[in-house]
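The block underneath contains the structure these notes are about, expressed in structure tokens.
The values are calculated or read from the model by the stated rules, or taken from the named source; none is laboratory data. Note that this is a predicted model, so its numbers are computed, not measured. As a convention, Cβ positions derive from the backbone with ideal geometry for all residues, glycine included, and neighbour counts pool all protein chains shown.
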Amino acid sequence: MIKHFLNLEWKQYFRSSYWQKNLALNILLVFLALYFIVIFLALGFGLLPILKKVYPEQDPFVVVNGFMFFWIIVDLMMRFFLQKLPVMSVKPLLTLPIKRSTVVHFVLGKSAFSFFNFLPLFAIIPFSIMLIADGKDSSMVLTWMFTLISVVLIINFLNFIIEAFSAETELSFLPLIAVVGTLYALDAFSIVSMSSLIGDAFIGIANNPILILAPLAILLFCYGFNFKILKGKLFLDASLKSKVTEVKVADLAWTKRFGDIAPFMQLDLKLIWRNKRTKSSVFIMVIGLLYGLFFYPQEIYRDLVWIYPFIGIFVTGIFLINFGQFIPAWDSSYYKMLMSQNIKYEQYLRSKFILMVLSVALMFILSIPYVYFGWKILLAHFAAAIYNIGVNSHVMLYGGSFNRKKIDLNQRAAFNYQGTGAVQWIIGLPLMILPMLIFALANWLVGFEAGIAILIVAGVVGIVLHKKLMKQITQRYLNAKYKMIDAFSQDN
Amino acid sequence: MIYTKELTKSYNGNTVLNIEELTIPKGQSFGLVGNNGAGKTTYFSLLLDLIKPSTGRITNNEIVVDESEDWKPFTSAFIDESFLIGYLTPEEYFYFIGDLRGQNKADVDALTSQFEDFFNGEIIGKKKYLRDLSKGNQKKAGIVAALIGNPEVIVLDEPFANLDPTTQIRLKQILKDLAEKQGVTILISSHDLMHVTDVCERIVVLEKGDVVKDLKTSPATLKELEVHFAGRLETVEEEE
């Protein structure tokens, strides 16, 4: 049975139109993976000497265990945003003589082979070897190593449990933030010293190999819990047939002032509000808005002026990046209809453009309180907003004409909670890094004001050329019309 | 109205449609029948410029469909559920299509109110999204949406499939009225020979992309079609 599943997976992956047309992206992903592997390897081999140097009077083994708590929290956060439960189309399998539990075991088992689980090994194993070479008792280090591996898997399955709960709620980040926030708060306000507690637990297990049964029990529990959740979802009426929801009708008459693009704006707003997947990009705006708080309160970052535009682009452009990169795939399920209707492509695209511009303006206004950390930040955010409107929005629309992956809004793939993965964030990077580089260069050569001026000028040029750029972009879409219709009518 | 000349469509050298010449005059109700893979949907997709012809062209009211978009205002279609927008209610969908076709809400309401019988109380005012409707009800909404904005050409692919018997009969009446009283050119495809002979004045049989029969509907047509398709079946059985 497993053999058949693996065969299906293989075919699904290599026969998807997405894979074949996004070879470059796949190569980039591979490079990124290699990069992280090298970093982790370096960490694994280098950690012991570094620790000895930084904390000469402490046992490095104890120090490392003291950091375990933070690693668990960060890993959980990263996975929530980047890792998703492997998707498998189960509908065709349900009527075949396959046990439901086999399907679930396969999906869960496959998730254990995720890159996220292998990556820590590249640090854990070399570090363990270094410890043994350093004269630690090898049986103790081995026990510790296996404990870590089981913790990696616990995080893996815990993440899916959190994702399962977040899929239920409207505010999809709430469960994660609740879990991580509580743990962190307990530690930070020294109510329960989580970091030393967890550290002690690791050391305790390392000294008493029999205690490794505890993490294994937790692992089994997490697996079992996932199994229960997923098995419950493996019925057509539970997850494939969506719940019938009462329609909430909002008055969108205000869009009329945008003239001929009003019907499209109304459609886009309904698209965003009535589909889970698009709705999450609205909630991501909240995260984006708070993103600056990770940096600005800290003196170290406040001195790094060149990082301001990066954060500015992120804060004001998070919706643009999130929503924009799936234009026009959001409309893929009815793209054929749009193409046979009496519409002007330019109006259709302009509606998306206006939506992105509005979001940038809104985010800029909401981010004004950052002025508390200095007027330079406000200025940088303003420049970034102009740049987003003038440059990034057009880049997004242009890039959309290369979009060939269908997004199925109606029917969610059975186990797909978030529908977004690492790829989505990578695409956004150049949009943020390029203006940062431009700014950093001008800032270094001339000064802060010059850097800001260049970003604003670039944005204004984009705005001035808007009509012309839109014409070019529209032409691109027209040229790619048949290819897009074809790709959007394929599943996967 | 619709003139097809030397039209072929092939994928990797494999010809799936090959029509030498086909003229559909204005106001004709035109039926396309054929087994699976005969090229019915391919022809409609070419007519709506959703795929590019390999050679030849289709002109719709003197407009070459893959060169200009000016045929769109007077042409409407419902091919399959992918023509629906799942997260809208049927009313919102009608208004959206109406907006695109220059009809205000009152116009759309006036039109859809004529189809109360056809909807059987299951479409309008139900506060349900299109994605939550049954296949049959989705089809009803899609077909009526294709009638918005007084189109001169209406293309419906398999309009009778998935509909209940009552609705099938009502749909036949609607289509007949459109062609006879309002001079609308209607193109439908169907696997149901009885329905298609009931509705269409003219029936063209496609087989592996070629036009093999072009019949003006008469009382004998249904028999002729049945013999044609059954005959094919027998020869296939003999070969096996």
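Some values worked out for this structure:
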read-out: Sole exception among (1) in contact with a Lys or Arg (Cβ under 7 Å, 6 or more places away or on another chain); (2) at pLDDT 80 or above for residue A:247, by number; value: (2)
read-out: Verdict on residue B:131 being of a type in the set (Lys, Arg) and in a strand (DSSP E or B); value: no
read-out: Count of segment A:54-66 residues which are under 11 Å from residue A:196 (Cβ atoms) and loosely packed, with under 14 Cβ neighbours inside 10 Å; value: 0
read-out: Failed item, numbered, when residue B:53 is tested on (1) under 27 Å from residue B:224 (Cβ atoms); (2) within 13 Å of chain A (Cβ to nearest Cβ); (3) not hydrophobic (A, V, I, L, M, F, W, C); value: (1)
read-out: Helices (runs of 4 or more DSSP H) fully within segment B:141-240 counting 1 or more residues that are touching an Asp or Glu at 6+ places or on another chain (Cβ under 7 Å) and not hydroxyl-bearing (Ser, Thr, Tyr); value: B:165-182, B:193-199
read-out: Flag for residue B:46 being within 26 Å of residue A:475 (Cα to Cα), at the interface with chain A (Cβ under 10 Å from one of its Cβ atoms), crowded, with 18+ Cβ neighbours inside 10 Å and among the aliphatic types (A, V, I, L, M); value: no
read-out: Failed criterion for residue A:360 (all others in (1) under 27 Å from residue A:80 (Cβ atoms); (2) in a helix (DSSP H, G or I); (3) at pLDDT below 85 hold); value: (3)
read-out: Flag for residue A:136 being out of contact with any Lys or Arg (no Cβ under 9 Å at 6 or more places or on another chain), in contact (Cβ under 8 Å) with a residue 60 or more places away in the chain and closer than 23 Å to residue A:2 by Cβ; value: no
read-out: Residue ID - surrounded by the most Cβ atoms within 10 Å (Cβ to Cβ), chosen from residues in segment B:123-164 that are at positive phi and within 11 Å of chain A (Cβ to nearest Cβ); value: B:149
read-out: In segment A:101-115, the residues that are hydrophobic (A, V, I, L, M, F, W, C) and surrounded by 18 or more Cβ atoms within 10 Å (Cβ to Cβ); value: A:103, A:104, A:106, A:107, A:108
read-out: Matching residues in segment B:138-160 - criterion: being closer than 11 Å to residue B:83 by Cβ and of a type in the set (Gly, Ala, Ser); value: B:141, B:142, B:145, B:146
read-out: Among the residues listed as A:365, A:318, A:307, the single one being surrounded by fewer than 22 Cβ atoms within 10 Å (Cβ to Cβ), hydrophobic (A, V, I, L, M, F, W, C), closer than 21 Å to residue A:463 by Cβ and in the same structural domain as residue A:279 (by TED's automatic domain parsing); value: A:365
read-out: Residue tally, condition out of contact with any helix residue (DSSP H, G or I) (no Cβ under 7 Å at 6 or more places or on another chain), part of a loop (DSSP other than H, G, I, E, B) and more than 22 Å from residue A:388 (Cα to Cα), over segment A:456-492; value: 2
read-out: Close pairs (6 angstrom Cβ cut-off, 6 or more residues apart or separate chains): closer than 10 Å to residue A:289 by Cα in segment A:361-374, among the acidic types (Asp, Glu) and not in a helix (DSSP H, G or I) anywhere; value: none
read-out: Restricting segment B:108-121 to residues that are free of Cβ contacts under 8 Å to residues at least 40 places away in the same chain and surrounded by fewer than 17 Cβ atoms within 10 Å (Cβ to Cβ), the residue that is farthest from the other protein chains (Cβ to nearest Cβ); value: B:114
read-out: Those residues of segment B:74-105 which are aromatic (Phe, Trp, Tyr) and more than 7 Å from chain A (Cβ to nearest Cβ), in sequence order; value: B:74, B:78, B:93, B:94, B:95
read-out: Among (1) surrounded by fewer than 21 Cβ atoms within 10 Å (Cβ to Cβ); (2) part of a loop (DSSP other than H, G, I, E, B) - the single one residue A:403 does not satisfy; value: (1)
read-out: Helices (runs of 4 or more DSSP H) lying entirely in segment A:82-141 (those with 1 or more residues that are among the hydroxyl-bearing types (Ser, Thr, Tyr) and modelled with pLDDT of 80 or more); value: A:100-112, A:115-133
read-out: Yes/no for residue B:174 being closer than 24 Å to residue B:21 by Cβ and not charged (D, E, K, R); value: no
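Conditions (1) of a type in the set (Asp, Glu); (2) out of contact with any strand residue (DSSP E or B) (no Cβ under 8 Å at 6 or more places or on another chain); (3) exposed (fewer than 15 other Cβ atoms within 10 Å of the Cβ); (4) more than 14 Å from chain A (Cβ to nearest Cβ), marked per residue:
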site	(1), (2), (3), (4)
B:12	no, yes, yes, no
B:23	no, no, yes, yes
B:37	no, no, yes, yes
B:65	no, no, no, no
B:72	no, yes, no, no
